Amino acid sequence: MNKHGLPLWDTAWKVTHSDLFHDPKHSTTNRWVYRSPKTGKVMGLVGDMRFMAAVLLTGDVHVASFSDEESITIPYKGPKGEALSTHPDFVVDLVGGGKRLVTTMAKKEQKATTMARINALSIAAERAGATHKVIYRDAVNETLFDNWALLSARMNCADPGRFDCSHEQRVLSSALESGRDVRLVTLLSGEGVDSARMLSSLGFALMRGVAKTNLTTALLSLDSIISHN
């Protein structure tokens, strides 16, 4: 319990892939617990790239939902003809329909084993009528990641499913009506506005594409300009 008497962890939250935290082969790899406000699921993620991708998928307005559960297993042959199997890191449902398989990699490699795995995932996606995307570390926009990591924390802190954010949502909607822009500091200083609930409301509006602001080249700040999308 924290000083406000609120539980630090919701016992109803089940971590996906919790077994990964007990697998000794991952003992030297960073492991992350992340609750995506988009899916409402708590993910157990092995490796920094999977964590970064999950945060970025949360903020992607083209993504309706995504899962890190190993629901798709793809058999393939390795470069020496050996029988292998793999799975995508994420299965993504896109807004408007369609699926995407997402694989994360720390860097581009030309190793035969790596290329065989990537090729197998691409072929499997094509056969399923989906697309396959590989996200490399050097292609990650760190500013965008930092912003969505911050917003995810605020959205989880004051989830509208648990807290009444209706006042903050009305203030935000009113401020953006008729195509007007508003600075974040103005939203936070509105009458009766709770800062945590406003940041949560803003995060959900940005995630759903209702509002927009610059998250790609500048960190979210009091001077950030929010506008209707």
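The values are calculated or read from the model by the stated rules, or taken from the named source; none is laboratory data. All figures in this text were calculated on a predicted structure; none of them were measured in a lab. As a convention, Cβ positions derive from the backbone with ideal geometry for all residues, glycine included, and neighbour counts pool all protein chains shown. The protein model used for the area step is the full one, side chains on, heavy atoms only, and it has no ligands, DNA or RNA in it. Shrake-Rupley method; radii C 1.70, N 1.55, O 1.52, S 1.80 Å.
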How large is the dipole of region 130-229 about the Cα centre if only Lys and Arg carry +1 and Asp and Glu carry -1, each at its Cβ, rounded to the nearest 20 debye?
-> 260 debye
If packing is taken as the mean number of other Cβ atoms within 10 Å per residue, what is the order of 159-171, 189-201, highest first?
-> 189-201, 159-171
How much net charge surrounds residue 194 when only the other residues with a Cβ under 10 Å from the Cβ of residue 194 are counted, with Lys and Arg +1 and Asp and Glu -1?
-> -1
Of 128, 211, 141, farthest towards positive along the dipole that unit charges on Lys, Arg, Asp, Glu beta carbons give the chain | 128
One finds, for residue 173 and residue 143 with R0 = 30 angstrom and r their Cβ-Cβ distance, a FRET efficiency to the nearest 0.05 of 0.65
If we count every other residue with Cβ under 15 angstrom of residue 80's Cβ, Lys/Arg +1 and Asp/Glu -1, where does the sum land?
-> +2
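Near residue 138, within a Cβ-to-Cβ distance under 10 Å, what is the net charge of the other residues, with Lys and Arg +1 and Asp and Glu -1?
Net of charged neighbours comes to +3.
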Which Cα, out of 166, 95, 29, lies furthest along the positive dipole direction of the chain (beta carbon charges, K/R +1, D/E -1)?
-> 29
For the chain, accessible area per residue (1.4 Å probe, heavy atoms of protein chains only), Å² = 56 Å²
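Using the Cα gyration tensor of the chain, with a ≥ b ≥ c the square roots of its eigenvalues, what is the shape: rounded (a/c below 1.5), prolate (a/b larger than b/c) or oblate (neither)?
It is prolate, given that a/c is not under 1.5 and a/b is the larger ratio.
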In square angstrom, rounded to the nearest 10, how much accessible surface does residue 212 have for a 1.4 Å probe?
-> 100 Å²
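Rounded to the nearest 500 deg cm²/dmol, what is the calculated helix-only ellipticity per residue at 222 nm for the chain, with -39500 (n - 2.57) per DSSP H run of length n ≥ 4?
Calculated from helices alone, the mean residue ellipticity at 222 nm is -10000 deg cm²/dmol.
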A 1.4 Å probe over the protein heavy atoms gives region 99-229 a carbon and sulfur accessible-area percentage of 50 percent
So the pair-distance distribution of region 108-229, from every Cα-Cα distance in 10 Å bins, comes to percents of 12, 34, 22, 17, 12, 3, 0
Give 41/108; 41/99; 80/111; 108/133; 38/99; 38/212 a once-over and call out the pairs whose C-alpha atoms are over 21 Å from each other.
-> 41/108
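Ranked from the most accessible area to the least, with a 1.4 Å probe and all protein chains present, what is the order of 32, 148? List each step's numbers first, then the result.
Details: 32 90, 148 10 Å².
Of 32, 148, the descending order of accessible area is 32, 148.
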